[in-house]
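Participant: Below is one structure. I have some questions about it.
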Amino acid sequence: MDLFNSALGKNITFLRPAFFIISGFIGIPNINYYYAFLFFVYIISVLANTAVMAAIYLDHNLRTPKYIAVFNLALVDLLGNSAMVPKVLDIFLFNHPHISYNDCLTFLFFCYVFLSMQALNLVALSYDRVMAIVYPLHYQLKVTHKLMFSLIASFWVFVIIVVLIATGLLTRLSFCESVVIKSFFCDHGQIYRLACNDFTPSDITAWILPALILWLPLTIVLLSYLIIGYALAKVATVRERMKGFKTCTAHLSLVAIYFLPILITFALRANIEPNARIINLSLTSVFPPMLNPIIYVLQTREIKESLKKLKGRITTHYKNSKVKFKK
């Protein structure tokens, strides 16, 4: 963060608090049950995403460009929930609402990076579906390992730079009065509005950031499905159309799970009650990482078969170890 400070006015002194206070929910009885529920969701997320990653890594048949994107999605989901949920539980379940200035900005950076990568992963998967349906005969030429690795790497670089700029601009703010963040984590919008100096750059960033990491990916995904729909409409038989559409159901489910709650929150923006906003945003943050691997396991035959093989290997290894131990 010192890079941003040295680049913009060395003689300016900024008032930075020793800590921020995360307020969380207000006036809800027995809220600890909700945090226990988040912990349960987190455990399922860790197990499910680890299982999908292990299946893709160990099964050579799944080392295709499509499953590179699926592996990255599972990795991002695992890291995203691990960055957010344990810290949220520490803050509220164990009553540690005070978080230091630097820790808060670090918390914000990682949460936004992983949440943003979820949307961009859906773009990578939508590209894969477009190529598979529009150019089925040339799919292997158009969707290569190198291209998919390059696409995902460029998304990571893009997201890290954009979120780093947004986080760096927060270090240019002074905090003279309240340090209470009315959210469940170090929320960018809640932080910069607490500043007592000009926060125009951060305010502009707050409009640009969703456009780049939310609305643009959503627009690309919707356009990709218009192309897919047009391509399927030209297919001769209804059976072939349904077969082609069926290959998109897992991806469409992920798109709906990720974008719909966010769209509802943005649509209600000013009218949504603070506690309802926190519940919606927290569930939006932790639920997709739990559901994504489950959806892919249920709707993707290759992963189901791979997990069955993996389970068989583990069971066989366990039985053999048991026999050797008895001998």
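Participant: Pairs under 7 Å by beta carbon, first residue in contact (Cβ under 8 Å) with a residue 12 or more places away in the chain and farther than 15 Å from LEU73 by Cα in the range 98-118, partner polar (S, T, N, Q) and open to solvent by less than 10 Å² (accessible area, probe 1.4 Å), six or more apart or different chains?
Facilitator: Short answer, once both residue conditions are applied: LEU105/THR167; LEU108/THR167; PHE109/THR167.
Per-residue answers, yes or no, for (1) out of contact with any Lys or Arg (no Cβ under 6 Å at 6 or more places or on another chain); (2) outside any helix (DSSP H, G or I); (3) under 24 Å from VAL221 (Cα atoms); (4) open to solvent by less than 50 Å² (accessible area, probe 1.4 Å):
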site: LEU105; (1), (2), (3), (4): yes, no, no, yes
site: CYS111; (1), (2), (3), (4): yes, no, yes, yes
site: ARG129; (1), (2), (3), (4): yes, no, yes, yes
site: VAL157; (1), (2), (3), (4): yes, no, yes, no
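Participant: Another question, if that's okay. Please verify whether the range 85-93 includes one or more residues that are in contact with a helix residue (DSSP H, G or I) (Cβ under 6 Å, 6 or more places away or on another chain), outside any helix (DSSP H, G or I) and either under 30 Å from ARG129 (Cα atoms) or modelled with pLDDT of 95 or more (or both).
Facilitator: no
Participant: Further, regarding this structure: If you take the residues in the range 36-53 that are buried (at least 20 other Cβ atoms within 10 Å of the Cβ) and of a type outside the set (A, V, I, L, M, F, W, C), which one is nearest to ASP90 (Cα to Cα)?
Facilitator: It comes out as TYR42.
Participant: Okay, next question. Which residues, taken from the range 113-127, are among the aromatic types (Phe, Trp, Tyr) and open to solvent by 30 Å² or more (accessible area, probe 1.4 Å)?
Facilitator: Result: TYR127, single match.
Participant: If THR237 satisfies every condition in (1) of a type in the set (Val, Ile, Thr); (2) open to solvent by less than 10 Å² (accessible area, probe 1.4 Å); (3) more than 29 Å from HIS98 (Cβ to Cβ); (4) more than 17 Å from the chain's Cα centre (by Cα) but one, which is the exception?
Facilitator: Going through the list (1) of a type in the set (Val, Ile, Thr); (2) open to solvent by less than 10 Å² (accessible area, probe 1.4 Å); (3) more than 29 Å from HIS98 (Cβ to Cβ); (4) more than 17 Å from the chain's Cα centre (by Cα), THR237 breaks only (2).
Participant: Hey, among the residues in the range 8-30 that are modelled with pLDDT under 75 and hydrophobic (A, V, I, L, M, F, W, C), which one's surrounded by the most Cβ atoms within 10 Å (Cβ to Cβ)?
Facilitator: The residue in question is LEU8.
Participant: Residue under question is TYR225, and the condition is that it be at pLDDT 90 or above and among the aromatic types (Phe, Trp, Tyr); does it hold?
Facilitator: When the stated conditions are applied, TYR225 passes them.
Participant: Here's another thing I want to ask about it. In this structure, does SER202 turn out to be under 30 Å from THR13 (Cβ atoms), part of a helix (DSSP H, G or I) and touching a helix residue (DSSP H, G or I) at 6+ places or on another chain (Cβ under 7 Å)?
Facilitator: yes
Participant: Could I ask something else about it? Any residue at all in the range 54-61 that is crowded, with 17+ Cβ neighbours inside 10 Å and not acidic (Asp, Glu)?
Facilitator: Within the range 54-61, one or more residues are crowded, with 17+ Cβ neighbours inside 10 Å and not acidic (Asp, Glu).
Participant: Right, here's the next one. Just one of THR167, THR171, THR205, THR219 is without any contact (Cβ under 8 Å) to a residue 12 or more places away in the chain and of a type in the set (Val, Ile, Thr); which is it?
Facilitator: Answer to the selection: THR219.
Participant: Out of curiosity, is GLN140 open to solvent by 60 Å² or more (accessible area, probe 1.4 Å) and out of contact with any helix residue (DSSP H, G or I) (no Cβ under 6 Å at 6 or more places or on another chain)?
Facilitator: Here the answer is yes, as GLN140 does meet what is asked.
Participant: Being surrounded by 12 or more Cβ atoms within 10 Å (Cβ to Cβ) and at pLDDT below 85 is true for just one of LEU252, LEU218, LEU283. Which residue is that?
Facilitator: LEU283
Participant: Okay, moving on. For residues that are open to solvent by 10 Å² or more (accessible area, probe 1.4 Å), closer than 19 Å to THR265 by Cα and touching a strand residue (DSSP E or B) at 6+ places or on another chain (Cβ under 9 Å), tally how many sit in the range 188-210.
Facilitator: Count: 1.
Participant: In the range 136-150, which residues are within 23 Å of the chain's Cα centre (by Cα) and over 15 Å from PHE71 (Cβ atoms)?
Facilitator: Of everything in the range 136-150, those that are within 23 Å of the chain's Cα centre (by Cα) and over 15 Å from PHE71 (Cβ atoms) turn out to be LEU147, SER150.
Participant: SER174: surrounded by 15 or more Cβ atoms within 10 Å (Cβ to Cβ), more than 22 Å from the chain's Cα centre (by Cα) and either over 30 Å from GLY229 (Cβ atoms) or not basic (Lys, Arg) (or both), yes or no?
Facilitator: Against the criterion (surrounded by 15 or more Cβ atoms within 10 Å (Cβ to Cβ), more than 22 Å from the chain's Cα centre (by Cα) and either over 30 Å from GLY229 (Cβ atoms) or not basic (Lys, Arg) (or both)), SER174 qualifies.
The values are calculated or read from the model by the stated rules, or taken from the named source; none is laboratory data. Computed from a prediction, not measured in an experiment: that's the story for all the values here. With ideal geometry, Cβ positions are generated from the backbone for all residues, glycine too; neighbour counts draw on all protein chains shown. Just the protein is used for accessible areas: all its heavy atoms, side chains included, with ligands, DNA and RNA removed. Shrake-Rupley method; radii C 1.70, N 1.55, O 1.52, S 1.80 Å.
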